[in-house]
Amino acid sequence: MSEHQGVSQKRWGHLRKVLERPGPFSHPDFEPSSEILDFIMTTCKLLVIGAGGLGCELLKDLALMGFKQIHVIDMDTIELSNLNRQFLFRQEDIGSSKAEVAASFINRKVKGCQVTPHFCKIQDYDETFYRQFHLVVCGLDSIVARRWINGMLISLLNYEDGTLDQTSIIPMIDGGTEGFKGHARVILPGVSACIDCTLDLYPPQITYPLCTIANTPRLPEHCIEYVKIIQWPKENPWGSLIDGDDPQHILWIYEKSLERSTQFNIVGVTYRLVQGVVKNIIPAVASTNAVIAAMCATEVFKLATSCCVPLNNYLVFNDVDGIYTYTFEAEKKENCLACSQIPQTLLIQDPEQMKLKNLLDVFCESAAYQMKNPGLTTYINGKNKTLYISTIKNIEEKTRENLTKTLLELGLQDGSEIMVADLTSPNVLSVRLKFASKNVDT
Amino acid sequence: MSSPSPKSPEQSEKSRKYDRQLRLWGDHGQKLLEGSKICLINATALGTEILKSLVLPGIGAFTIVDGEKVTEEDVGCNFFLDETHIGMSRAQAATESLLELNRDVRGDYIDDFPDHVMLHTQDFFNNFNVIIATALPEKVLMPLSKQLWSANIPFLVCRSVGFLGYVRLQIKEHTVIETHPDNETPDLQLDRPWPSLMEHLEQVDVSNFGTKERSHVPALTILYHYLQQFKSENGGLLPKTHAEKDKLRNIIRNSLPSENDILEENYEQAVKFVNVCVNCTCVPNHIQKILDDELCINLTFESSPFWVMCAALREMVQSEGALPIRGSLPDMAADTASFISLQQLYMRQAHSQMESLYRRAVQISRSLGQSTDAITEAEAKLFCKHASELHVFRGKCIADEYQSNSPSASLHLEDPESLMFYYVILRGLESFIDEYNAYPGQYDDHVEPDVLKLKTLIGKLLTEWGCPTVAISDDRVHEVCRYGGAELHSVSAVLAGCTAHETIKLITHQFKPINNTFIYDAITSTSATFVL
């Protein structure tokens, strides 16, 4: 027993030096002791979201920074194109769950580490699951998923008489990469800027106007989008939706796009480009993932041990031209959809003309909401009324006719409250309509 | 039905595996990577993490040189070493684990210390494309730095201690064709249209267009038309000042027929182009500097294809007065035919200039007596396309830096915001290791005495450089002694990712490497780069 302890004392000698000795630059609350290492090894429970490029690195980094109670959640299975960076996976793992393979690899390699895999969507779990963690680390490529977990952690906050109960805060460390660029940020839900506070930092996805695609294509991408959006549904060669992972599907789109581009004298349609456009592929490389994940893991270590003041609160990284980092404090948005306590109001300029589908467009397209397929309900005369929900088939059919009705026709008034449910949050957003007053001639 | 197309090389297993990175450095970058041989000195956590991010994308081969045996502490911070390796050769254990990452990569090891290797096989380190060293003692660093400097082999020296990291690149000369700049301004050369472009643009009379025709004409054609109008009203000169550009923008805006109320998308684009696209086409300073470089002017049989092509480019610039045109156009709202015909004009012009540069380069190469295939068409094409973003990097020898009595480090020390103090601390740390054969603070009961010893060593360095010894605060010295040589995995992993990418830059000759010292402070999550 004592010999075994001796071994582990030596093994973690690196960590013990920074945790058991005082330092002039540590957090004011830091009191060096062996209890800190005990805490991160036995008590501290982490959740890693995503077992992909960042996730694999995060699991390794955290395991070697002494953390032992780690859960990892990922709904994806391993593909060949993951192997250039997701180093916990091998050729023979293709098709298996990322979370499961990653967890068992770490558990085998780092003795004593207990990674628990969850092969599912983050939306499959509720508050009771998320409440058990001390910290959450995200290695995601999806903004929707980031917003969802952000919303979840905010819903776990406890306010007593308007004051935030500090013990209900679960810090979220978020990393992201694209090619040679990346970011790492620390979010203290309810305290510092959250994902929704900084929605404008995410560039909108490139979309091409339909009339360009159909009538005046100029780029190879226009030809590919044409085949994807117009030709596939029309000819439907396999009687199914496009599967970006099916090489036959990609080949068909490639050939048709090439035909169309030849017809218009457009050069540059290649198989690789077709694949990129159809699957919306983001370039990725091992080195950037290693950097960003390690920066996130360092922040987790700081937050869990108080050995240093954590990053406040956003770092951007780019190593195309030399190596560049920049840190800044992203600001909390006063009327943030997700983390502010302020009721949301939406100004309706022309309630007599505005139709429900226009309102839906506002939720989807305006920079402040950026929702995916919001479902809307309201109360009219104290009774719950469903305005429109697209995600459930029979409700969609029943409520479709509301789309072309004006807000007034639907019985909505100045001050009416609309409940909006969307993929981007586990919480229902309540929005109060404010009708612009008619110009009164004075 | 379309004829069955031949199986594209893009669908091979290798292309699919490397797809996400091929989109960044292309098949030609990958080919260089797969042909490369990398040497790592010391399989510390930092060292193996660097190799990990090189083995995964598929370098050709690596060799690890390390005379240490695996310790329990290694296992605590190095993912590629586990309990079963304790007592084994660290080079061997790390090599075996790293090889599991990618079956396309070969790897071997030498279970010996780098200074012994240098003694026994003098030119051993000259057989690699890049040498990477971690935790290298100063007494080995000095001769190795000199040797690699004279052999012109890129050398990356890294160190990770506690929350502090350092990467230093030593390379005599490094040339880059594809730097992948972030924001490229379109290369339209509207101030000097070649005859076929001029003919094409002048046959379109934008001012007489109806609504439908207006919506079909590309911004470039609109811009050219009103630029001519501006020039005829302004003594044939291009708009230069902000006010003049505003005038041109207003001419374009005012072309809107009275019955329309919003300016069309293509006209808006033309307005936007005014700022960056109507400038006088000239050779940018950084390119002119390359063309005036001694290596460009005084070619020899030994000259690399890069410099031969630069000489060809120089000739071309002298006769044409400008760099070859890039040949690509940004997308512009327009109908297909108008856009494509413009695009083809630019492509053809670029192609003929490329041919001309290629012919000149081949001629120069032959006149130097180089082999007939020294210049390839593919390379000339790439060079021509990226002629405005070429980059030449000249570095400095580490041994010279260490032996200098007035290093440029001292210049930065006066700036309280600068991370330069870390460099001084690291230099002190290296002196400490050389003198006491241990890290300062390595043993729990030695921290305080080591603080004093390290302070003395740092003071000595500062005095040699003529800097005030107060430049480094006691707290900083104390902090590094607190680390006691601890290697924190996540700090090493940040540095390793950076170093791996620097290595890829050196091998692929794409992107700009660091110049030349990178310092990372994980306490504040900040970094800085210094030229030393």
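The values are calculated or read from the model by the stated rules, or taken from the named source; none is laboratory data. Remember, it's a predicted structure, so these values are computed and weren't measured experimentally. We place every Cβ from the backbone using ideal geometry, glycine too, and count neighbours over all the protein chains shown. SASA here: full protein model, heavy atoms, side chains in, ligands and nucleic acids out. Shrake-Rupley method; radii C 1.70, N 1.55, O 1.52, S 1.80 Å.
Can you work out the FRET efficiency for the pair B:D111 and A:Q248, with r the C-beta to C-beta distance and R0 = 51 Å, to the nearest 0.05? Please list the in-between numbers first.
Numbers: r = 51 Å, r/R0 = 0.99.
Calculated value: 0.50.
Start at zero, step by 20 Å, and the Cα-Cα distances of the protein assembly as shown spread as 12, 38, 36, 13, 1 percent across the bins. Per-residue 3J(HN,Hα) values for the range A:184-189, derived from phi via the Karplus relation 6.51 cos²θ - 1.76 cosθ + 1.60 with θ = phi - 60°, read 9, 8, 10, 10, 9, x Hz in sequence order (x marks Gly and Pro).
Only Lys, Arg, Asp and Glu carry charge here, each on its Cβ (+1 for the first two, -1 for the last two); on that basis the range A:344-435 has a dipole of about 240 debye about its Cα centre.
Over the range B:195-277, what portion of Cα pair distances is larger than 22 Å, expressed as a whole percent?
Details: 709 of 3403 pairs.
Value for the range B:195-277 (Cα pairs over 22 Å): 21 percent.
What does the charge dipole of the protein assembly as shown about its Cα centre add up to, to the nearest 20 debye, if the Cβ of each Lys and Arg holds +1 and the Cβ of each Asp and Glu holds -1?
Details: 89 positive and 123 negative charges, 272 e Å.
Using only the charged Cβ atoms, the result is roughly 1300 debye.
Considering only B:T499, B:F393, B:S410, and ranking their Cα positions along the charge dipole of chain B that arises from unit charges at the beta-carbon of Lys, Arg, Asp and Glu, the one farthest toward the positive end is B:F393.
What the phi angles of the range B:47-61 give under the Karplus curve with 6.51, -1.76 and 1.60, with θ = phi - 60°, is a coupling list of x, 5, 5, 5, 4, 4, 6, 10, 5, 4, x, x, 5, x, 7 Hz, glycine and proline written as x. If R0 is taken as 45 Å, the Cβ-Cβ distance between B:H351 and B:D475 corresponds to a FRET efficiency of 0.10. You can think of it this way: the chain between B:M142 and B:I262 has 36.3 nm of extra reach, that is 0.36 nm per residue less the Cα-Cα gap. Comparing A:K121, A:K181, A:K109 in a Gaussian network model of chain A, where Cα atoms under 10 Å apart are tied by springs, the biggest mean-square fluctuation is seen for A:K109. Per residue, the Cα convex hull of chain B amounts to 219 Å³. So who's got an amide H within less than 5 Å of the one on A:C138, skipping anything under 5 residues away but keeping other chains? H placed 1.01 Å off N, in plane. So A:C138 has HN proximity to A:I49, A:I173, A:D174, A:G175.
Hey, what's the Cα Rg ratio for the range A:258-365 versus the globular rule of thumb, 2.2 N^0.38 Å?
On the way: Rg = 23.1 Å, N = 108, 2.2 N^0.38 = 13.0 Å.
Normalised Cα radius of gyration, the range A:258-365: 1.77.
In this simple spin-label model, placing a label point 7 Å from the Cα along the Cα-to-Cβ direction at both B:D444 and B:E414 gives a separation of 4.6 nm.
Once you reduce the range A:54-99 and the range B:278-328 to the center of their Cα atoms, the two points are 47 Å from each other.
Applying the criteria of a DSSP loop state and at most 14 other Cβ atoms within 10 Å to the chymotrypsin sites (Phe, Trp or Tyr not before Pro) of the range A:222-261 yields A:W238. Label-to-label distance, B:I86 versus A:D38, with points set 7 angstrom from Cα along the beta-carbon direction: 2.3 nm.
Scaling against 2.2 N^0.38 Å puts the C-alpha radius of gyration of chain A at 1.13.
Once neighbouring chains are kept in place and the probe is 1.4 Å, which whole percent of the accessible area of the range B:402-483 is contributed by carbon and sulfur? Numbers along the way, then the final one.
Numbers: 2040 of 4010 Å².
Using a 1.4 Å probe with all protein chains present, the range B:402-483 comes out at 51 percent carbon and sulfur.
Using just the C-alpha positions of the range B:402-483 as equal point scatterers, what log10 of I(q)/I(0) does the Debye formula give at each q in 0.15 1/Å? Each listed q maps to, in turn, -0.49.
What the Kirkwood sum gives for the range A:344-435 is a hydrodynamic radius of 13.2 Å, with every pair of different alpha carbons counted.
Since only A:I242, A:V277, A:A214 are under comparison, the one whose Cα sits farthest along the positive direction of the charge dipole of the range A:210-279, derived from C-beta charges on Lys, Arg, Asp and Glu, is A:A214. Rounded to whole numbers, the Karplus 3J(HN,Hα) couplings from phi for the range B:453-458 are 4, 5, 4, 4, 5, 5 Hz, using 6.51 cos²θ - 1.76 cosθ + 1.60 with θ = phi - 60°, and x at Gly and Pro.
A Stokes-Einstein calculation at 20 °C with viscosity 1.002 mPa s, built on the Kirkwood radius of the range A:249-315 over Cα pairs, returns a diffusion coefficient of 137 µm²/s.
Using the heavy atoms of the protein chains and a 1.4 angstrom probe, tell me the accessible area per residue for chain B in square angstrom.
Working: 21940 Å² over 532 residues.
Dividing the accessible area of chain B by its residue count gives 41 Å².
Annotation: amide H of A:L346 within the under-5 Å range of A:R432, A:L433, A:K434, sequence separation 5 or more or interchain, hydrogens built in the peptide plane. Heavy atoms of chains A and B lose about 7700 Å² of accessible surface on contact, summed over both sides with a 1.4 Å probe. Loop-resident GluC sites (Glu not before Pro) (DSSP state other than H, G, I, E or B) in the range B:70-139 with no more than 13 further Cβ atoms inside 10 Å of their Cβ: B:E100. Taking every protein chain into account, the accessible area of chain A amounts to 45 square angstrom per residue (probe 1.4 Å). Between amide H atoms placed 1.01 Å from N, distances below 5 Å from A:C120 occur with A:D74, A:M75, all of them 5 or more places distant or on a separate chain. Taking the Cα centre of the range B:285-394 as reference, the dipole from Cβ charges on Lys and Arg (+1) and Asp and Glu (-1) amounts to some 80 debye.
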